[in-house]
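First comes the structure, then the notes that go with it.
What follows draws every value from the coordinates through simple rules; no lab data is involved. Note that the structure is a prediction, hence the values are computed from the model and not measured. No Cβ is skipped: glycine too gets one built from the backbone with ideal geometry, and neighbour counts run over all protein chains shown.
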Amino acid sequence: MPNTVESKNNGCKGTLRGKRIILGVTGGIAAYKSAYLASALVQHGADVHVVMTEHATNLIGKATFWSLTKNPVITGLFEQPTKPDITHVSLPESADLLLIAPATADIIGKMANGIADDMLSTMALAVRCPVIIAPAMNMNMYTNPIVVANVDRLRQYEYIIIEPETGMLACGAEGMGRLADPDVIVRRVEEVLIGGRRDYSGFNIMVTAGPTQEPIDPVRFITNRSSGKMGYAIADIAASRGANVTLISGPTDLPAPEGVEIVKVTTVHEMHDAVITRLENVNMVVSAAAPADFTPAQVRDQKVKKSEKWTLELDKADDILEEVGQRKGNMILVGFAAETENIEKYAKGKLSKKNLDLIVANDVSPGSDVFGSDTNQVTLYSRNGDKVEWPRMSKREVAGAILDYVKNHFMEELS
Ligand SMILES: Cc1cc2nc3c(=O)[nH]c(=O)nc-3n(C[C@H](O)[C@H](O)[C@H](O)COP(=O)(O)O)c2cc1C
């Protein structure tokens, strides 16, 4: 970020024209960066309304914001509104986005618990638009389990969290907690409001998702706990970023993502055939499905009647990903490793055995709350030796972050 409040995004002025953004500024030392943010948003054409907490006014003056935004700056809940459309309910109703940057531990705690004791926290409950929160605080505060739980809670309610950066903090300590770069925040605002990025335009991506069902008789089958949410999120985000996406889906209740070609399959054998016959011209395969590892050796024609015992014999199923790995060519291959133990060892083993570029590992042991959940905590292992551990995020955020990683590390091979 430059030292002045002049935006350096002059090249993309106007992208936010017609968008009304409430910029919440709270009492963190990074509040001075909100001036740059307000200026950048205005230069992108947004109608920016700054709502400051009382504590924030100790760190930066209201006059800075009204002179940058040309709108009144609101602080007190009981201040007389200067215009009828900027009360604690009318402004949130008309807003396209609420962005809180910097967000203190305090506002995060209030929002996670439905507390509305000042103008900003009241508006946060009243808005219907997307909410982006950019936390910034001392590292010990940010890693405090109470703050971690509050941030998680907000994620579960689909609030978008822009993770703070690691580096030198205002308190002199080194660690995670520094407000994300304001230019990164502006780009995220653009993505949310105008679906900004088309960085996968022209790429053909195949995504597999969900479980498979392996019949053992006409009424019973063997399956697993995969919900398909992770794969559907990847398909959805990749399509919104311009990719031509084919989603090979096992049985799920999820709605088909918009703009995605969906191929529904039931068994691992069907999934195998659907994948292998569609590989031509595919640039990238993301294998997020959980196809069965074993299939019943025999499928009974008639329903098996209740008895004392039924011993099932299972055969090894087709290994779809391994087969794709053998035909890899120039494709980028991303796999998932859901493990209950020895996660790193098994993930790295799968990475090399299946000829993958990237493997996304997660812990699915009892209590890990992955299957069916909207959030996931994953670690990436790349063929270039990288190990990247991410905090718990919504599955949509994980999807976006995986696509970012591929773009930053393997895009040249894709193009
Ligand atoms: C100089 C100063 C800097 C502060 N910086 C931060 C910060 O970066 N992040 C944070 O969560 N709290 C910070 N605090 C503490 C908050 O100001 C405090 O928790 C306050 O209650 C937040 O209120 P608000 O969320 O209503 O603005 C700071 C306090 C002071 C005095």
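Along the axis of the charge dipole computed for the chain (Cβ charges of +1 for Lys and Arg, -1 for Asp and Glu, origin at the Cα centre), the listed residues His49, Phe294, Gln326 are led at the positive end by His49. Loop-located trypsin sites (Lys or Arg not before Pro) in the stretch 296-383 (DSSP state other than H, G, I, E, B) with a sparse environment of at most 13 neighbouring Cβ atoms within 10 Å: Lys303, Lys305, Lys306, Lys309, Arg327.
Across Asp47, Asp404, Asp374, mean-square fluctuation computed from a Gaussian network of the chain (C-alpha pairs under 10 Å connected) peaks at Asp404.
Taking packing as the residue-averaged number of other Cβ atoms within 10 angstrom, the listed peptides 262-272, 283-293 run from highest to lowest as 283-293, 262-272. Among the GluC sites (Glu not before Pro) within the stretch 157-232, those in coil by DSSP and having at most 14 neighbouring Cβ atoms inside 10 Å are Glu158.
With the simple spin-label model, which puts each label point 7 Å out from Cα in the Cβ direction, the Ala149 to Ser90 separation comes to 4.0 nm. The Cβ shell under 13 Å around Val127 holds other residues with a net charge of -1, Lys and Arg each +1, Asp and Glu each -1. Dipole magnitude for the chain: computed about the Cα centre from +1 point charges on Lys and Arg Cβ and -1 point charges on Asp and Glu Cβ, it is near 380 debye. In whole Å, how far is the Cα centre of the stretch 241-287 from that of the stretch 18-94? Taking the Cα centre of each part, the stretch 241-287 and the stretch 18-94 sit 45 Å apart. Relative to the longest principal Cα axis of the chain, at what angle does helix 395-414 sit, 0 to 90 degrees, rounded to 10? Helix 395-414 sits roughly 80 degrees off the main axis of the chain. List the chymotrypsin sites (Phe, Trp or Tyr not before Pro) in the stretch 49-139 that DSSP assigns to loop (not H, G, I, E or B) and whose Cβ has at most 10 other Cβ atoms within 10 Å. Which are they? Within the stretch 49-139, the qualifying chymotrypsin sites (Phe, Trp or Tyr not before Pro) (loop, at most 10 other Cβ atoms within 10 Å) are Phe78.
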